[in-house]
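Each remark here refers to the structure printed beneath this line.
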Amino acid sequence: MSDADRPAGTPVALSTSSVYPDRTPDAFEAAVRLGYDGIEVMVYTDPVSQDVDVLSRLIDYHQLPVLAVHAPSLLLTQLIWGRQPWEKLRRSKDLAERLGAGVVVVHPPFRWQRDYAVGFEAGLAAMAQETDVMFAVENMFPLRAGGREIVPYAPTWDPTGMECAHVTLDLSHTAASGSDALAMTAELGSRLAHVHLADGTGVPNGPFPDEHLVPGRGSQPCAEVLHQLTADGYPGVVVLEVNTRRALTREERMADLAESLAFAREHLTQVPAR
């Protein structure tokens, strides 16, 4: 699909994590086939997700832009690009610049990354002075077990209280944390630079609180948040970051991704009544 053929309005992109355990090239193929506007590359153990030359060839071949890069901030990516978190961010920024992406998604530091956590906000601000790429800190969630709440992030899992210029709002994570997604959207205002669209049931003591359901299948106000983004003139990208690992066939996965895209497009065209 050429740029001229893509719908106007807020771009809707597909996270490469949405096709896991398939690989990054499969995400490009799915996004083109279904009509997504772009890709968010999750940097993880798939070598293609780390290779700027291969990613550039995928962009050229499919004529589909990479709109965001997700830094390797997950537990399972702790060894990607070394152990130093600032080096991971620097390399994520370099990848985004070379691919023409405008956003690097980053998680708050883990509590055991003490030096990184202490200098996180100031360090992000300093890095932002060196690039046009936005570092958008993603809202995470505490863990709950046996009636106790464990917070694995520092200074906090909630970037609304951080001194960071840009934030990624993840609607699966608002479910897991029990946050009010609409209130968070309003509180962030112009700091809201990026959105991960997914759903969740908000079961705090479930084995997998971070569900990343197809939007509309959980308890989150996904439609209302999209309506509000439209009303507010949101200038960023909406990225579908959904879990399709339970799909038994590739056709089922494609159906979930098509439903997710249709949901986003439908509700991004609606403005709430004042």
Which condition does Asn243 not pass, out of (1) within 16 Å of the chain's Cα centre (by Cα); (2) modelled with pLDDT under 95, if it passes all the others?
-> (2)
With respect to Ala186, determine if the residue is small (Gly, Ala, Ser), closer than 27 Å to Arg111 by Cα, without any contact (Cβ under 8 Å) to a residue 60 or more places away in the chain and surrounded by fewer than 18 Cβ atoms within 10 Å (Cβ to Cβ).
-> no
Considering region 219-274, residues that are in a loop (DSSP other than H, G, I, E, B) and among the hydroxyl-bearing types (Ser, Thr, Tyr), and then whichever is surrounded by the fewest Cβ atoms within 10 Å (Cβ to Cβ), we arrive at Thr249
Can you spot a residue in region 19-32 that is out of contact with any strand residue (DSSP E or B) (no Cβ under 9 Å at 6 or more places or on another chain), of a type in the set (A, V, I, L, M) and part of a helix (DSSP H, G or I)?
-> yes
Which residue out of Gly216, Gly202 is in contact with a Phe, Trp or Tyr (Cβ under 7 Å, 6 or more places away or on another chain), free of Cβ contacts under 8 Å to residues at least 60 places away in the same chain, surrounded by fewer than 21 Cβ atoms within 10 Å (Cβ to Cβ) and closer than 23 Å to Ser15 by Cβ?
-> Gly216
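The values are calculated or read from the model by the stated rules, or taken from the named source; none is laboratory data. This one's a predicted model, so the numbers in the text were calculated from it and none came from an experiment. Quick reminder, even Gly has a Cβ in these numbers, built from the backbone with ideal geometry, and neighbours come from all protein chains shown.
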